[in-house]
Each structure stands twice: as C-alpha cells, then as structure tokens.
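Colleague: This is the structure I want to talk about, given as structure tokens.
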Amino acid sequence: MAFTPERESAYLLRMFRWQGQRLRLVILFAPAMLALFGVLQAFILRKPLLDLLGSPAFLAGATAMIALGLLMRRLKDPIRFAWAGLALQTVFILSCAFLTLPGHGALALVLPIFIATPLVTAPLWARRSTVLVSTLLAYLAGSVALWHALAGSTVWIAYVVQAALGIVVALTLHSAIDEARRGYFQAEEELAERARIDSLTSLLNRRHFLELGEVLILRLERQPRPFAALFLDLDHFKQVNDEFGHRVGDQLLVAVAQCMLPLADDTRVIGRLGGEEFALLLRDCDPEGAQALAERLRSEIAALRIGETRVTASVGIAGWQPGESLSDLLHRADLALLEAKHLGRDRLVHWSEALGPALHRAVQPRASGTRNH
C-alpha cells in the first residue's frame, strides 16, 4: 500500500511511537545476549569462559552495542532510529561471528542465529529497503562466521541455500505484516479525519477549530506575532432555507466553503462553527491583510449563485491583543460581526472600542443559530 510523501512520513512517525518505547527497552538486552552466546559456546566446546568474554571481539562488540543502545534511547527521528537499530543488529551478529570458534558444535549454535535474526526483526522495520539491507548484512555476517570457524563446503552450500530462502521469507513476512499495519493506519487516519472535519463543508469542525486555535494562542504567548480572527456569517440564511428548502441551503454552504478551502494553509485555520457561521484564524496577518482577505471572501460569496438563489456575508475582524485568550479574541470578532449586521449586512467591520457599550450589552451568550440573521 503506497502513501503520499506526507502520509508516509506520518506513518513512519506513528510506527516509531508504537514501537519506539518497547524497542528502547529491548535493545539494552543486546550485550547480555552476546554474553549468553559466549557462555553457551564455552559450555558446548569446553572452552574457558573468561577467554571468550575477555576477547577483543566481545569487548568491542559489547561496547559498540551499549553505545548504540544509549544513542537510540535519545533519538527522536524515526529514520535515524531505524538505521541505528540496523547498525545494532549488524554489530551483534558480527560479534557473534568473530566469537565463533572452529568446530561443528559452534556452527550448530551460531548458524540459527544468522538465519533466524532477520526473520524475527523483519516485522519491526517500517520500510522494505531496511528489511533487505538488514537481511543481507546478517547473512554476510554469517559467512564471516563460517570462514572464522573453518567450515567445509557442505556447510557453505547449506548456508547459502538457507540464506536465499531466508531473504525471501523475511521480505514476504514484512510485506504481509506491513500491508496489514498500513491498512490499520489508514483506517485510523480516516476516522480521525472524520472527527476533525465538518462532513458537509470539509472545513474544520467547531471542536477541532477551537483546539487548533488554543495551540496557536499558546505559541503567541511565547512569541507574539501579528494575528487576527475573522467571524463570518451568511445574511438572511434562514430565509433561504424557508423559501428554497434545506437542500439549496446546504448547496450554498458547500459553495461558500469552496471559496474558503483554497485559503487554508500553515498560516490560516478555517472552520465552520455551526449553521451558517464560519471563522478564520490568521497567523502573521496584520489588520490590513485581514481586511483584504475578508473583502475578497465577501465579494466571492456575493457572486455565488445556486439557481436563482444568492447570499451575502457579514464579517467581523479583530486583531489579537497580548495576553488575550482565544475566547476573548473570537468574542470581539463576533461583536464586530454583530455591528456589521446592525449597519445593514454585506460588509466588514473591524473591532474597536468605538463600537460602544450598548453593543456589549446587546450581545448575550447564545447557542449557534440564534443570531438575528
């Protein structure tokens, strides 16, 4: 299952979060597994254990694995984490290879390690290329063990055949598991998107719009920058529903959303807050820029036609003030919108103290859709 580059990056990050914490614990056991390999080989071949555990191959391998393990516990990038894990696996297998002593007992112990390790780790990798590289390196390390153990031609032939089959099995196993994993990821992403998006207009729904807005306000508190909010409401929309039916009303809402969707990017958050009410949060946008964008939207909406039906929009604009909450910012934009309604609709109004205390008293907390349209 192929993803777009953006979704592929999200998938790799999700994989890293799923498995990273557990792998950070598992990798610390790699030096202990190498020591266990030395203990078993010393027992099978009746060799002094201290000679094996004190050999340069063991000391270098254990030191490298400890260093890689500590590094992996600190890495936050999934790709670097994967390559560090590949290096750790390769160091482990090469260390086993150089610790392998001549004798059939040693080969009987070590060959299953080289054949099985890539099969065990194949499902852990997120990318097929990593599986292929890790498998080839593991089986090349196995050839080092055979050379170091002075293996005969029969053992070499058997190993090559098993390695070839191992590559096929590792890739097949990874493909099957990764396909299922990607399917689960895609289904989870689709469900999450449905929870974030308004089903009619494809804009952000109220909850997700407010969640993103709170995040942006927190960033502004750390690093103040120009920031503005637009509150947009369609004029006399209830009349459209009453005269032409809700299907025409829905078509108008979709058409209005189509005017807004191209504006959405990293600096703009756009949502449908309910009914015919929309809001925009504009990062790095001064009052002049906010007014230009609002006027563009108002003009495009006024030009829309659904059959014989048309609609206009009133827009309230407010700039963020240091220390202000998202709720306060949107409330001021809402007050400016109400003033635009009072002045005759189909116009823009900037928030200012000059709106007057009477307007403050006129606006009471209300549920969506109770505005005098």
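The values are calculated or read from the model by the stated rules, or taken from the named source; none is laboratory data. Given the structure is predicted, the values throughout are model-derived calculations rather than measurements. FYI the Cβ positions are ideal-geometry reconstructions off the backbone, even for glycines, and counts take in every protein chain you see. For accessibility, only protein heavy atoms count, side chains too; no ligands or nucleic acids. Shrake-Rupley method; radii C 1.70, N 1.55, O 1.52, S 1.80 Å.
Colleague: Would you confirm, using the coordinates I've provided, whether Gln321 is open to solvent by 70 Å² or more (accessible area, probe 1.4 Å) and part of a helix (DSSP H, G or I)?
Modeller: No: the conditions fail for Gln321.
Colleague: Shifting gears a bit: Would you please name the residue that is farthest from Trp147 (Cα to Cα), looking only at residues in the stretch 117-133 that are surrounded by fewer than 19 Cβ atoms within 10 Å (Cβ to Cβ) and either in contact (Cβ under 8 Å) with a residue 24 or more places away in the chain or of a type in the set (D, E, K, R) (or both)?
Modeller: Checking each candidate, the answer is Arg127.
Colleague: While we're here: Could you tell me whether Leu94 is buried (at least 16 other Cβ atoms within 10 Å of the Cβ), under 20 Å from the mean Cα position of the chain (by Cα) and over 15 Å from Arg127 (Cβ atoms)?
Modeller: no
Colleague: I've got another one for you. Taking the condition of being on the phi > 0 side of the Ramachandran plot and either among the hydroxyl-bearing types (Ser, Thr, Tyr) or surrounded by 13 or more Cβ atoms within 10 Å (Cβ to Cβ) (or both), how many residues in the stretch 2-47 meet it? Break it down into steps so the answer makes sense when it comes.
Modeller: We begin by selecting, within the stretch 2-47, every residue on the phi > 0 side of the Ramachandran plot; these are 46.
Checking which are either among the hydroxyl-bearing types (Ser, Thr, Tyr) or surrounded by 13 or more Cβ atoms within 10 Å (Cβ to Cβ) (or both) leaves us with none.
Residues in the stretch 2-47 being on the phi > 0 side of the Ramachandran plot and either among the hydroxyl-bearing types (Ser, Thr, Tyr) or surrounded by 13 or more Cβ atoms within 10 Å (Cβ to Cβ) (or both): 0 in total.
The rows are residues; the columns are (1) within 29 Å of Ala255 (Cα to Cα); (2) within 26 Å of the chain's Cα centre (by Cα); (3) modelled with pLDDT under 85.
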position: Ala145; (1), (2), (3): no, no, yes
position: Gly152; (1), (2), (3): no, no, yes
position: Gly166; (1), (2), (3): no, no, no
position: Thr172; (1), (2), (3): no, no, no
position: Glu189; (1), (2), (3): yes, yes, yes
position: Ser199; (1), (2), (3): yes, yes, no
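Colleague: Something else: Look at the stretch 134-161 and say how many of its residues are assigned to a helix (DSSP H, G or I) and crowded, with 17+ Cβ neighbours inside 10 Å.
Modeller: Going through the stretch 134-161 one residue at a time, the tally reaches 11.
Colleague: Identify the residue in the stretch 222-262 that is in a loop (DSSP other than H, G, I, E, B) and in contact (Cβ under 8 Å) with a residue 24 or more places away in the chain and, among all such residues, is most open to solvent (accessible area, probe 1.4 Å).
Modeller: Going through the qualifying residues, I end up with Arg225.
Colleague: Quickly run through the stretch 116-143 and pick out the residues that are modelled with pLDDT of 85 or more and within 14 Å of Ala97 (Cα to Cα).
Modeller: If the condition is that a residue be modelled with pLDDT of 85 or more and within 14 Å of Ala97 (Cα to Cα), then Leu137, Ala138, Tyr139, Leu140, Ser143 are the ones that fit.
Colleague: Looking at the stretch 263-302, which of the residues that are without any contact (Cβ under 8 Å) to a residue 24 or more places away in the chain and outside any loop (DSSP other than H, G, I, E, B) is farthest from His246 (Cα to Cα)?
Modeller: Restricting to residues being without any contact (Cβ under 8 Å) to a residue 24 or more places away in the chain and outside any loop (DSSP other than H, G, I, E, B), the top hit is Glu288.
Colleague: Moving on. Any chance the stretch 28-41 includes a residue that's in contact (Cβ under 8 Å) with a residue 60 or more places away in the chain and either among the acidic types (Asp, Glu) or outside any helix (DSSP H, G or I) (or both)?
Modeller: Within the stretch 28-41, not a single residue is in contact (Cβ under 8 Å) with a residue 60 or more places away in the chain and either among the acidic types (Asp, Glu) or outside any helix (DSSP H, G or I) (or both).
Colleague: Return yes when Leu50 is at pLDDT 75 or above and either surrounded by fewer than 15 Cβ atoms within 10 Å (Cβ to Cβ) or within 30 Å of Glu193 (Cβ to Cβ) (or both) and no when it is not.
Modeller: In short, yes.
Colleague: Being of a type outside the set (A, V, I, L, M, F, W, C) and at pLDDT below 85: is that true of Gly85 here?
Modeller: no
Colleague: Are there any pairs, at least 6 apart or on different chains, whose C-beta atoms fall under 9 Å, with the first in the stretch 1-16 and under 14 Å from Arg128 (Cα atoms) and the second β-branched (Val, Ile, Thr), and if so, which?
Modeller: From residues that are under 14 Å from Arg128 (Cα atoms), the pairs are Leu12/Ile79.
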